[in-house]
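Enquirer: Take this structure, written in structure tokens, and hold onto it; I'll ask about it next.
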Amino acid sequence: MRIRLLFAPLLLVGILALSSCSTLGYYSQAVGGHLDIMLRARPLERVIADEREPEPVRAKLRIALDARAFAAGKLGLPANRSYERYADVGRPAVTWNVTATPRFSVHPLEWCYPVAGCFNYRGYFSRNEAERHAEQLRKRGFDVYVSGASAYSTLGWFDDPLLSTMLRRSEAELVATLFHELAHQKLYLPGDSAFNEAFAVAVAEEGVRRWFSGSEQYVKYLRSQERLRTVASRLVAARTRLAALYAEDIPDTEKLTRKHELLAQLLADYAQLKKDWGGYDGFDHWFPPDINNAHLALTATYHELVPGFKALLTLEGGDLERFYAAARRLGKLARGERKRYLHAAMAQVNTEDLAAWP
């Protein structure tokens, strides 16, 4: 799963207004981590021309240049200076995000920041700092999940560079990441992570479909996306069952027992999926033995509303500009109304049409 940490430059202003040492420390690491990456960044053309760089890196950067032009020319995404430079971050993830929920809730905690609004995860440029924060939350009784991120966005406030962590996977995944991050620059609603991420996922998937235009690589991508949809639907369904359980008027001890049973069944279902896929283990990190509410909350953030956005695009005749305009209109509604509208859009679209969507 591509997980992103969103920052805004006015964090620097926010720091000056803060009095809490712990909050000041958090913003300091955020700004310092971002500035470190910006200082590492070099123009793509210079890196591509540098024969000391590994050829696989240079090849991926050529793809990224083409994808950047495609995004602006064919997808109507922002044409700015983002992703015209490359930074090797020297680690397996650029950030680590902490997601937490109460023990008997599927709704994640939110952390709010100047300008950027509220998010249901908190990001760190240091894994150790993320783990320390996670342990503090665990001691307070929360379910917690720490996940690595391959990319993050400043929403167009800075010229975001391509990152070495974005080059680790396939061409399709690299291109999808670029389209996803640029979609955040196209439309972003402070305080609604589920809307923002689902919108960006839908744009990225449509962009990849157009990028490959029926090639053999696209067939492979479709296969991977079908697995992703299957896994995400299992996690979202489990989250729905847990939400119903937590709403019951029963003792906490019984809730805890049934929670463990539901999560154990989820792990068993995934084990069967792996057998059906011939042992494919690409989603093992989504299903750790200690899976909890926080894992499910993070999945829902990225995937729960995606079918609604796909339906919206279908209703707009596949026209991206009309789709963007419709999404902006949705953004003016209250959060609950936005979600209801997207579910209504799904109801209007034939199931087979949605199934054909990547």
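The values are calculated or read from the model by the stated rules, or taken from the named source; none is laboratory data. Predicted, not measured: the structure shown is a model, and the values here were computed from it. Cβ coordinates were reconstructed from backbone atoms using ideal geometry, including for glycine residues, and neighbour counts include every protein chain displayed.
Enquirer: If LYS274 meets every condition in (1) touching a residue at least 24 places away in the same chain (Cβ under 8 Å); (2) in contact with an Asp or Glu (Cβ under 9 Å, 6 or more places away or on another chain) apart from one, which number is that one?
Expert: (1)
Enquirer: Report, by residue number, each residue of region 136-154 that is touching a strand residue (DSSP E or B) at 6+ places or on another chain (Cβ under 7 Å), free of Cβ contacts under 8 Å to residues at least 60 places away in the same chain and of a type outside the set (Lys, Arg).
Expert: Answer for region 136-154, where residues must be touching a strand residue (DSSP E or B) at 6+ places or on another chain (Cβ under 7 Å), free of Cβ contacts under 8 Å to residues at least 60 places away in the same chain and of a type outside the set (Lys, Arg): LEU137, VAL146.
Enquirer: Please verify whether region 340-355 includes one or more residues that are crowded, with 19+ Cβ neighbours inside 10 Å, under 18 Å from the mean Cα position of the chain (by Cα) and assigned to a helix (DSSP H, G or I).
Expert: No, there is no match, as no residue in region 340-355 is crowded, with 19+ Cβ neighbours inside 10 Å, under 18 Å from the mean Cα position of the chain (by Cα) and assigned to a helix (DSSP H, G or I).
Enquirer: Can you report the number of residues in region 133-157 which are in a helix (DSSP H, G or I) and surrounded by fewer than 17 Cβ atoms within 10 Å (Cβ to Cβ)?
Expert: Residues flagged as in a helix (DSSP H, G or I) and surrounded by fewer than 17 Cβ atoms within 10 Å (Cβ to Cβ) within region 133-157 amount to 4.
Enquirer: Still on this structure, I have one more. Among the residues of region 117-132 satisfying the criterion of being closer than 16 Å to GLY191 by Cβ and either touching a helix residue (DSSP H, G or I) at 6+ places or on another chain (Cβ under 6 Å) or surrounded by fewer than 21 Cβ atoms within 10 Å (Cβ to Cβ) (or both), which is modelled with the lowest pLDDT?
Expert: Looking at the filtered set, the residue picked out is GLY117.
Enquirer: Can you name every residue in region 242-268 that is of a type in the set (D, E, K, R) and surrounded by 15 or more Cβ atoms within 10 Å (Cβ to Cβ)? Please lay out each step first, then the result.
Expert: Looking only at region 242-268, we keep the residues that are of a type in the set (D, E, K, R), and these are 248-249, 252, 254-255, 258-259, 261.
The answer is LYS255, ARG258, LYS259.
Residue by residue, here is whether (1) more than 21 Å from THR301 (Cα to Cα); (2) of a type outside the set (D, E, K, R); (3) free of Cβ contacts under 8 Å to residues at least 12 places away in the same chain holds:
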| position | (1), (2), (3) |
| --- | --- |
| LEU65 | yes, yes, no |
| GLY76 | yes, yes, no |
| ASN80 | yes, yes, no |
| GLU84 | yes, no, no |
| ASP88 | yes, no, no |
| THR101 | no, yes, no |
| ARG122 | no, no, no |
| ALA134 | no, yes, no |
